[in-house]
Amino acid sequence: MSQSVAFVCLGNICRSPMAEAVFSYVANEYGLDLKIESFGTAGYHVGETPDSRTVSTCKKHRVPINHRAQQIKSSHFNEFDYILCMDESNLQNLKRIQPKNSKAKLSLFGKYRTDPQFEVIVDDPYYGVKSL
């Protein structure tokens, strides 16, 4: 059985779909059989394509991105082994809705960054940031 990971941010149009796209690209390059998806804690953008800056950044680096925003559901906590979120607010929202005894391990995505110059929190670029 393959491992599974879900990336989560607030609206699922900037950070988490990019993480999903990059992680899928790298997993494919290494021939890894992983289930990879992304979700938002809020339903603001359900059904929408990623933010144009996200698409542009992925294209610039030749990372395919094909995504429609979706909101995380309680059932996802038993579908995924790992649920990695972008900031503390996401983490608190996930802990609030996580069913008891679910299998998913919750963590901040940035915890796995190996370069000390980067913060653990992945800031939300949706407001006020011109590029990703």
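The values are calculated or read from the model by the stated rules, or taken from the named source; none is laboratory data. Note that this is a predicted model, so its numbers are computed, not measured. Glycine also receives a Cβ, built like all others from the backbone with ideal geometry; neighbour counts cover every protein chain displayed.
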Problem set entry | Unmet criterion (only one of (1) among the small types (G, A, S); (2) assigned to a loop (DSSP other than H, G, I, E, B); (3) without any contact (Cβ under 8 Å) to a residue 40 or more places away in the chain) for G11 | (3)
Seminar exercise, completed: In the stretch 69-99, anything without any contact (Cβ under 8 Å) to a residue 60 or more places away in the chain, within 23 Å of T54 (Cα to Cα) and not hydrophobic (A, V, I, L, M, F, W, C) is listed as Q70, Q71, E88
Seminar exercise, completed: Residues of the stretch 14-31 being without any contact (Cβ under 8 Å) to a residue 12 or more places away in the chain and not hydroxyl-bearing (S, T, Y), in sequence order, are V26, A27, N28, E29, G31
Exercise. When you go through (1) closer than 15 Å to F7 by Cβ; (2) modelled with pLDDT under 95; (3) surrounded by 11 or more Cβ atoms within 10 Å (Cβ to Cβ) one by one for V129, which number turns out not to apply?
Worked result: (1)
Exercise. Within 14 Å of A42 (Cα to Cα), more than 13 Å from the chain's Cα centre (by Cα) and touching a residue at least 24 places away in the same chain (Cβ under 8 Å) - does that describe any residue in the stretch 100-123?
Worked result: no
Exercise. Out of the stretch 60-90, which residues are under 12 Å from the mean Cα position of the chain (by Cα) and either in a loop (DSSP other than H, G, I, E, B) or not β-branched (V, I, T) (or both)?
Worked result: H67, A69, Q70, Q71, I72, Y82, L84, C85, M86, D87, N90
